[in-house]
Structure formats: structure tokens, C-alpha cells
Amino acid sequence: MLSRSPTLEGFRTILRRPSFGFAEIAWRWAFGVAALVLITFSLREYLATLPVSRDDLFLLNTHQPALVSRAIADIFHGSGFRFIRSSLVLAVGLGIGWIIIAALSRAATARSLLDYFSSNLDIVPESRNRNLSPLLALSLFRIAAILAATVGGVAAFVFSSRASESAPEVAAFVFLTILLLVWLTWSMLNWVLSLAAVCSAVDGTDTFSSIGLAIDLCRTQTGRVLAAGTWFGLAHVIALLVFSSITAFPLAFARLLPPAVVLGGVLTSILLYLAVVDFLYAGRVAAYVVMIEFPPSPVSNETEPTPLGPDAPIVLEEKKNNAIDRGELILSDVPQPG
């Protein structure tokens, strides 16, 4: 049983064993780079299919905004269906890839953390179900939550555009209100599903049992869950402030430095910030593993009085009889003088 705070164990783990944080960075960035490459090649292939006539080239070479916009409209005319179709194919492919990679990576990191804590405490972990299907289902639910949030964002735009026809001053308020509600709902649902994935990887439970276990963890260990979220969230905010200041440094010398240097400095600071965020998330996962596998032990009160009941007089009588030496003469056994 761990006596330390799960939040402290999370920070301690990523500092003593940074390989857990680097593993989290590796799988997230590998997928991000692969997705960026696929998007770039898909966009390039789409642009290669667009017909460009001599008239369009002439209008583009004039460098006049009106003529250039007319040429662009003519080039992209009739290609909207191809763009939507290629985008859907790309989104489905990336979604399937993310479901598989996220499930495999979360299973590997959570179980490695479990083995790490068990080895430190000289505890042999129990043999549990290592089925990957619940993690795949939870990743699918997270994709569905993203799609639902996207639909909610589109609905917010539609409702605000309709409100702008009658009351333009409330259009922005309606849009921001609906968008905020959608974002809060998605954030909470995504967090519960992420915690359920850790529960499934550690305990080997099925999909809906993992969701129930995540909710039960928030109910029974509310203080520990809030502490982990607060301290890791605070570290996230500090990282954001630090790297925002670093990003502002090359922008301050934008007039003196070449554009490539400024852009490189900004991109480098953004990538470092994302790396730190993923590194901190590995520590939060470690804290969740501690909460799931090593819950707080109930406090035992050794000075608790003996409960009263039908057996209580018998126990007391036995103690009393055991305290008497039956071989010793008492007053009633001594013969009295006649």
C-alpha cells in the first residue's frame, strides 16, 4: 500500500523514470507526424486534379485581387464534391489508425506503470484479463464524442446565423454560449473516457465496467482525483506561460531577424510546449494508476469498545472467570466455628 499522495507519485515517477513521459510523447508525435504527412499528400493530390486553363493563368499573373479571386473561383468550381469525398476518406482512415494506436499505447504505458509500482513495493501483480477490445471501444467512443462536438459546433453556427437575422446583437452571444456548452460537455466526456481507458488497462475490465469504475473512482476518491487534476493542471498553465514568453521573444525581433528565423523560433517553442504537455500527461496517468491499484486503506480504530450484544455478557464472564484462581480458598469455603 502506497502511503504517499498519488499526485506526488505521478510527479516522482516521470522525474525518476522519464522513459514513461518519452513513451507518451513518442506515440502521440508518431501519429501526429503520420497524420500531417497524409494530409499534405492528400491535399497535394487534390490540387493536382484541379484544371487550370490559360485564361486562369493569365488572370493569376495579373496579381490583381479581383482577377485572381475570379481565377481561383473558376479553378475550384465543381471540385467541392471531390474535396469532401477525399476528406471523408482521410478522416475515416486517420480515425481507425488513432483508435488502434491509442488502445495499444495506453495498454502498454498503463501496464508498464503497474509493473513499476508493483516492483517497487515487492508485490506480484495479479493475472488479469489483457483483452484489447475494451480499449478499442473506448477509443471509438472518444472519436464519436469528437464528431458529436463537431456537429454541436456547426449547430451553434447555424443557430447564431438564424438569430442574426432578427437580432444581430445576440448572434455572437448565442454562438459563444452554445459553443461553450458543447466544449464543456465534450471535455468532461473525453476525460471520463480517458480515465476509463486507464482503468481497463490496469484492471482488465470490459468497456462499460471501465466507465463505471472511472465514475466510482471519482466518487470514492474525489479529493485525490481533484488534487491530481489541480496540480497537473497548474503545471500545464505554468508551461503555457513560460513558452508563451519564449514565443514572444522571436516575435519581438521580427523586424530585425529573417522571417525563416522568426518562424523557426515560434514553431520550436510550440513543439517544446506540446512535448512538455504530453510529458505531464504521463505523470497524470501514473497518478491514476496509483489511485486504481492502491486505494486508500480504511482507518482501523483499535480502541473501539466491545460491541454490546447477546454474546457480550458471556465474553465478559469468561474474562472474569479466567481472572479468578479456582484453587484458592474463598471466605465461603472456610469452615465457620459452631
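Assorted remarks:
- Spatial extent of the range 1-124: Rg and Dmax, with the Cα atoms as the point set, Å: 25.1, 77
- In terms of overall dimensions, the range 6-293 has a Cα radius of gyration and Dmax of 23.8, 77 angstrom.
- FRET E, pair residue 133, residue 62, Förster distance 56 Å, beta-carbon r, rounded to 0.05: 0.40
- Charge tally in the Cβ shell below 12 Å around residue 209, where Lys, Arg are +1 and Asp, Glu are -1, residue 209 excluded: -3
- Computed label-point distance, nm, for sites residue 185 and residue 170 using a 7 Å Cα→Cβ extension: 2.0 nm
- Highest mean packing first, where packing is the average number of other Cβ atoms within 10 Å per residue, the peptides 8-18, 171-181 line up as 8-18, 171-181.
- Taking Lys and Arg as +1 and Asp and Glu as -1, the other residues whose beta-carbon sits under 14 Å from that of residue 86 total +2.
- The local environment of residue 292, defined by Cβ-Cβ distances under 11 Å, has a net charge of -2 under the rule Lys, Arg +1 and Asp, Glu -1.
No lab work stands behind these numbers, since they all come straight from the coordinates. Values in this document were obtained by computation on a predicted structure and should not be read as measured data. Neighbour counts run over all protein chains shown; Cβ positions are idealised from the backbone, glycine included.
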